[in-house]
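In what follows, a structure is listed as structure tokens, so that the remarks can point back to it.
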Amino acid sequence: MKIENTQSQMRKGILEYCILSILKNGEAYPSDIIEKLKKAKMIVVEGTLYPLLTRLKNAELLQYRWVESSAGPPRKYYYITKKGNTFLLELDNTWKDLAKAVRLTTKTKKDE
Amino acid sequence: MNKTVNINLAGMVFHINEDAFEILKNYLNTLKNHFKNEESSDEILKDIEGRMAELFAERLNKKEAIYITDVEEVTAIMGNPSQYDDDIQHEEIQENILRVKRKRIFRDEEERMIGGVCSGLAHYFDINLVWFRIIFLILLFTVGGGFLMYIILWIAIPSAKTTAEKLEMKGKKVNISNIEKNIKDELNNLEQKVKDFDKKVTAEYGSKVINFIKKITDLFICLFRGLFKFIGSCFGVFTVIFGGILLFIISSVLLSNGDIFLETSQIFNYIFEAGTIPNNLKIGLILFIGIPIITVILFGLKLINNTTIHSNYKIGMVCLWFVSWVLLGSSGTNIAKDFSKKAKNITTETIDLKNDTLYLSVADNDRNFDNIFDAKGFKVSPFESELIGIGMRLNIIHSNSSSINLVKEALAFGKDKQAAKRSAEAVNYNFKIENADMIFDDFFSITTQKWRRQELNITLEIPFGMVVFLDHSLVDLIYDIKNQENMWDYDMLGHYWKMEKDGLSCISCE
């Protein structure tokens with residue numbers, strides 16, 4: 001069993017949660033999202049983000065609008081939808097539960 | 001200088017170096033392949049392409065073209081599919097950003113001893129490096145050919161410079177299934193093209209028949225192309241192996257002074273003044289024969305490996321080939337010089353004989369002259385460390401005195417009169433007198449051990465009234481003997497001949 005596989009399994013679900021959380025504070029262009037995620041060491045390569053954004057958009061949790069750019073091709077600015085917000089709220093709760101669960105289980109181990 | 005291509009990435013036009021373009025194309029294909037089962041794969045790809053276009057644009061502030069390093073950096077930022085942490089399951093995970101299409105041979109300069117040839121070969125054949133080094137060392141010390149082989153490979157095999165080349169160098173083992181995979185990839189590519197074409201055609205004509213025909217023909221073209229590629233590779237491997245062996249043999253033979261073909265080389269010993277092939281002729285021969293063979297090998301390598309040889313090497317090889325012409329020409333004229341002047345050496349021996357009849361025959365010494373070197377009817381042969389000439393001519397004429405004389409007239413060539421004379425004097429011919437028998441040797445020896453087109457004419461002078469019997473063993477020796485019956489040499493054998501005023505006359509013929 002590879003550690004990388006487990007790590008990526010753990011990150012996978014959380015990544016969507018993180019993206020939605022970032023967009024909760026306002027619309028953003030993928031590079032901004034990437035920067036934040038990179039800082040948080042959630043992703044390593046940029047390619048990870050694009051399929052996720054598209055999937056979230058297809059699930060109608062996100063929407064985008066085109067913005068002309070001086071430096072290159074027009075950019076997609078993503079923003080969260082109503083449905084996305086509800087989804088995020090649910091994830092917030094799930095995350096809190098999970099964090100609690102993890103804290104509890106790891107604590108028990110340490111105490112032993 | 002690099003060739004660039006223009007690409008349109010997310011609506012932006014870029015100049016990109018051809019090699020960088022290949023890597024970029026591979027990368028995007030890998031992504032395409034990765035997302036092929038994704039619902040909106042086109043959109044994802046467009047997003048990624050857009051981002052890459054942006055990154056490239058940032059990089060092109062001062063320069064105009066995209067280089068391999070740019071592509072490598074940008075693809076590293078974007079990452080390869082195995083780093084994407086997504087759910088998409090694939091038959092095989094792409095290990096590298098740059099998909100290794102097939103293995104190519106490169107010199108590995110990072111692990112080099114001299115030129116990295118051995119390490120490159122080791123990567124290519126997946127055999128431990130040590131073995132190649134041992135093989136080359138053995139070849140170097142036993143026969144000189146190893147050195148030449150190394151130099152050629154050094155020139156012919158490019159060193160792995162870019163990451164892409166390093167990956168290709170260490171890439172997948174080359175075998176039939178890889179080639180098969182290449183063909184399959186090619187087919188997939190084509191399928192994609194056909195699909196694109198379909199869309200166009202359907203839009204324009206709505207004709208399915210045209211689609212179908214187009215599909216079928218393209219499929220065949222693709223299959224044939226794959227087949228030709230495969231045959232080309234096989235042919236390339238064959239040429240390289242065959243040429244390599246040939247080159248190895250030839251260089252070994254010439255460098256080791258012909259020890260392998262000892263018998264043939266003996267001839268050279270008897271021609272050249274120094275006793276061995278002169279170095280300029282040797283080098284000339286190696287280059288003259290070697291360069292075309294190397295060209296064939298390089299052609300073979302090109303077929304298997306797509307190796308391109310720097311044009312400087314090509315020009316160098318052509319120049320060397322012309323040098324070989326010059327070397328061969330000068331050696332040729334040197335040899336020709338040794339045969340430019342002719343001289344004669346005449347010796348006369350008087351034979352004491354009481355009898356009236358002389359029985360002429362040729363000694364039967366049962367010698368087999370091997371390696372006869374035939375030149376215009378005269379033959380020389382190295383025999384028991386002696387140089388032997390055969391093909392003397394015997395004539396019988398009347399003597400001006402009452403004695404029996406044997407006149408030996410030796411002819412030879414040399415670079416001047418004196419040398420020619422010396423060569424002629426070196427001709428040594430023996431005969432025996434036993435009672436009434438005169439027994440000729442069937443060869444003459446050349447004591448200088450140098451062949452200078454020596455010829456020997458023997459003339460037996462007998463007084464009038466004397467009778468000679470010509471034995472059948474003289475068949476190869478007698479030459480145009482004048483006789484009153486006007487008989488052919490061969491018919492004169494086995495008869496008694498009397499010397500008269502008008503020449504020999506047969507006294508035993510009917």
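Between B:THR348 and B:LYS432, the modelled label-to-label distance comes to 2.8 nm, taking each label 7 Å out from Cα in the direction of the beta carbon.
Per-residue mean of foreign Cβ neighbours for B:51-57 is 5 (Cβ atoms of other chains, 10 Å radius). Measuring against 31 Å, Cα to Cα, the residue pairs B:LYS170/B:LYS282; A:LYS39/B:LYS161; A:LYS39/A:LYS107; B:LYS282/B:LYS450; A:LYS12/B:LYS62 contain B:LYS170/B:LYS282; A:LYS39/B:LYS161; A:LYS12/B:LYS62 as the ones spanning a longer distance. Kindly identify region B:22-62 as rounded, prolate or oblate by the Cα gyration tensor criterion: order the square roots of the eigenvalues as a ≥ b ≥ c, call it rounded if a/c is under 1.5, otherwise compare a/b with b/c, prolate if a/b is larger, else oblate. The shape class here is oblate. Computed from the C-beta positions of B:SER401 and B:THR333, the FRET efficiency with R₀ = 35 Å rounds to 0.15.
Give me the number: length gained by fully extending B:ASP356 to B:ASP42, i.e. 0.36 nm times residue separation minus the C-alpha to C-alpha distance, one decimal in nm. Present the calculation step by step, with values, prior to reporting the outcome.
Values: separation 314, 0.36 × 314 = 113.04 nm, distance 11.82 nm.
Computed gain between B:ASP356 and B:ASP42 is 101.2 nm.
Seen from B:PHE413, the other residues with C-beta closer than 9 Å to its C-beta sum to a net charge of +4, counting Lys and Arg as +1 and Asp and Glu as -1. Electrostatic bookkeeping for A:SER69 treats Lys and Arg as +1 and Asp and Glu as -1; over the other residues with beta carbon under 12 Å from its beta carbon, the sum is 0.
With a sphere of radius 15 Å drawn around the Cβ of B:GLU54, what net charge do the other residues whose Cβ falls strictly inside it have (Lys, Arg +1; Asp, Glu -1)?
-4
List, in the order given, every pair from A:LYS2/A:LYS82; A:LYS2/B:LYS302; A:LYS82/B:LYS46 whose Cα-Cα distance in the structure shown is over 32 Å. Over 32 Å Cα-Cα: A:LYS2/A:LYS82; A:LYS2/B:LYS302.
A short reminder: the numbers here are calculations on the coordinates, not readings from a lab. What you see is a predicted model, and the numbers here were worked out from it, not measured in a lab. All Cβ positions, even for glycine, are placed from backbone atoms using ideal geometry, and neighbour counts span all protein chains on display.
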